[in-house]
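The values are calculated or read from the model by the stated rules, or taken from the named source; none is laboratory data. These numbers were taken from a predicted model, which means no experiment stands behind them. So basically every Cβ, Gly included, is an ideal-geometry build from the backbone, and we count neighbours across all protein chains shown. To get the accessible areas, we keep the full protein, side chains included, count just its heavy atoms, and leave off ligands, DNA and RNA. Shrake-Rupley method; radii C 1.70, N 1.55, O 1.52, S 1.80 Å.
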Amino acid sequence: MKTRGTTNLQRPSGMPVTKYRPFAETNPVHLPDRTWPDKRVTVAPRWLSTDLRDGNQALIEPMTPERKRTMFDLLVRLGYKEIEIGFPAASQADFDFVRSLVDDDAVPEDVTVSVLTQARPELIHRTVESLVGFPRATVHMYNATAPVFRDVVFRAGREGTRDLAVDGTREVMAHAEKVLGDETVFGYQYSPEIFVDTELDFALEVTEAVMGAWQPESGREIILNLPATVERATPNVYADQIEWMSRHLSNREHVALSVHPHNDRGSGVAAAELAMLAGADRVEGCLFGQGERTGNVDLVTLAMNLYSQGVDPMIDLSDIDEVRRTVEHCTQMDVHARHPYGGDLVYTSFSGSHQDAIKKGFQVRDAKVAEAGDDDAAVVWDLPYLPVDPKDVGRTYEAVVRVNSQSGKGGIAYLLHSTRSLDLPRRLQIELAGIVQKHTDAYGGEIDAERLWSIFVDEYLPYTVTDGLAPWGRYTLRSTSLTSHGEGGDADLTVVLDDGGEELLLSGRGNGPIDAFVHALGSIGVEASVLDYAEHALSAGGDAMAAAYLEVETGDQVVWGVGVDPSTMTASFQAIISAVNRAARTAGGPAAG
């Protein structure tokens, strides 16, 4: 065997990579004294959901008014206080939906609705008019400022682009003054669209000019939104851009600095988090990352990331599956099974080593919670492979461990414990894992909790008819009667046993019930020796059940048996019968039935 050699080098792809330029060569940002890397996020930002605008416009089939209303109501229930509800000048349908929220008195007093418009007078008028009667409303106006749009799309220079933003701002102010009454608290938001590709000095020039028109002051903030309309660089570059703007903006105390990351490079969440470190006060995005192309930044992931660090996201995601179902219904798009925090499989481990670590982690945590007087919140969450407690988002522990051909004893034992309250001894776990492995090798696929229970019952509790399983095994315990001869004395046991349909009356004496039962079996030629024993209660109260696990040597085999019964003693007897029948089935003897 060789232990030295040269790793083969990857070859050029052949793709036309020379047609692309590094972002640092197209719009460089120089911030050697950046401060954001040393900061921490300790409070949630202001959130704005744009599910009903940016999210909706990206759908193959835009939401119907009914689905839009369902989405809006969900956002309100979750706790969002700023919700972009549409682009009312874009279509009659959008305008009508905005008006329906007023007509239905659907907007709570503490929720601010936002509507989007381009910087064109006729669109601004229609947009402002849609807001009549709202308690709190913001007009969000934008125009593209990046060179490629100035030069290619609009053929306008810097001055024309800046003037368009200022003139649009003044138009918003004038028309709002004209049509909105005192019942509406009115706000303004401006976005230099394609901010990340806009020269920083020009982005600052435009936003300062817009602020000059709006005149922000105490009680009259302006929202300046700096979007990564197309994600073009690594998140640290976006953070540098945000910190540069935050440092250079005048009236910073009256500015809500907002970010609107997209996910074209797959790092929208990271970009938003670093932007928060760099000074962003507000984040715009969509639930589960809906939006154009690869989507807006995912508000669910952002919120849960904060939660996992002990920061209250100020958004209630305690029933994340209901949130997901509602979003899927409204958007007609599925949330991926691996989607952070909300996907079907994100709290699930199939790997045997992962399952074993999770099982042990829960055992340690349960002990700590008990020591804390059963105060779960008093014990810091620290479990292998689970960044948050699934119960905090409405998941059960049943889905944490799932069994397939890659699973080991730990996962199988955990699943039986979490769904059936069984605490299998370690050697029994090993034996059962081999049985389950044979099943998955033969039939493939995943074994859920119910299927695992069916395999367990059929193997260890054959006297129990469960889910249509047929009882098997030569011997079935019918009844017992025990007589004890004082403390420390022998015990006499009478046993009624069914032997393939024939009723047998047995008796045995021993130094305890189990020893007496073994002697009773010996009277009919069934040799059994108990090597290990464990038992525990399955529940509390008058109808409590007990489980007994006995490792038994019978003939030349050592096998486990399991018994479940209200009586611990009877459960132990059942476990011995289970082991005897299992050994006979393995050997192909008469007890196979």
Extension reserve of the D515-A93 stretch, reckoned as 0.36 nm per residue once the Cα distance is removed: 143.8 nm
Space enclosed by the convex hull of the alpha-carbon atoms of segment 1-71, per residue, Å³: 427
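May I ask you to compute the full-extension gain from Q10 to D312, defined as 0.36 nm times their residue separation minus their alpha-carbon distance, rounded to one decimal in nm?
Stretched out fully, the Q10 to D312 stretch lengthens by 104.2 nm.
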Fraction of beta bridges assigned by DSSP in the chain that are antiparallel (%, nearest 5): 50
Rg over Rh, two decimals, segment 1-160 (C-alpha only, Kirkwood Rh): 1.17
For the chain, convex hull of alpha carbons as volume per residue, Å³: 246
Spin-label pair Q215/S481, simplified geometry with 7 Å Cα→Cβ offset, distance in nm: 10.3
Within straight-line cross-link reach of K368, lysines at Cα separation under 21 Å, skipping those fewer than 8 residues along the same chain: K359, K360, K391
Cα centroid separation, segment 354-372 to segment 220-258 (Å): 44
Segment 141-195: mean projected area of Cα convex hull, nm²: 4.0
Segment 126-173: trypsin sites (Lys or Arg not before Pro) in DSSP loop, at most 11 other beta carbons within 10 Å: R155
P(r) of segment 304-346 over all Cα-Cα pairs, binned every 5 Å from zero, in whole percent: 5, 22, 25, 24, 16, 6, 1
Rounded accessible area per residue of the chain, 1.4 Å, Å²: 47
Mean Cβ count within 10 Å, highest first, over the residues of peptides 47-56, 110-119: 47-56, 110-119
Segment 226-316: C-alpha pair distances exceeding 23 Å, %: 21
FRET efficiency estimate (nearest 0.05) - Cβ-Cβ, K2 to D492, R0 60 angstrom: 0.25
Efficiency of FRET between D110 and K368 - r from beta-carbon atoms, R0 51 angstrom, step 0.05: 0.85
Amide N proximity, segment 292-313 versus V380 label position 7 Å along Cα-to-Cβ, cut-off under 14 Å: 309-311
Computed over segment 67-136, Cα set: Rg, Dmax in Å: 11.7, 35
All aspartates and glutamates inside 18 Å of K39 as judged from Cα atoms, apart from same-chain residues fewer than 8 positions distant: D240, E243, E273, D281, D312
Length added when fully stretched, A470-R252, from 0.36 nm per residue minus Cα-Cα: 70.9 nm
Whole-Å semi-axes of the ellipsoid equivalent to segment 284-372 (Cα gyration tensor, √5λ, descending): 29, 17, 11
Förster radius 30 Å - calculated FRET efficiency between T234 and L59, Cβ distance, rounded to 0.05: 0.55
Whole-number percent relative contact order across the chain, with pairs defined as alpha carbons under 8 Å at least 6 apart: 9
Mean Cβ count within 10 Å, highest first, over the residues of peptides 445-452, 313-320: 313-320, 445-452
Crossing angle, helix 320-331 versus the chain [Cα axis fit, 0-90 degrees, rounded to tens]: 50
Long-range HN-HN contacts of G86 with modeled amide H, under 5 Å: L116
Span from the segment 138-202 Cα centroid across to the segment 517-585 one, whole angstrom: 79
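Can you list which of the chymotrypsin sites (Phe, Trp or Tyr not before Pro) found in segment 69-156 are DSSP loop residues with at most 15 other C-beta atoms within 10 Å? Could the numbers behind the result be given before it?
Values: sites: F72, Y80, F95, F97, Y142, F149, F154; in loops: Y80, F154.
Hits after loop and neighbour filter: F154.
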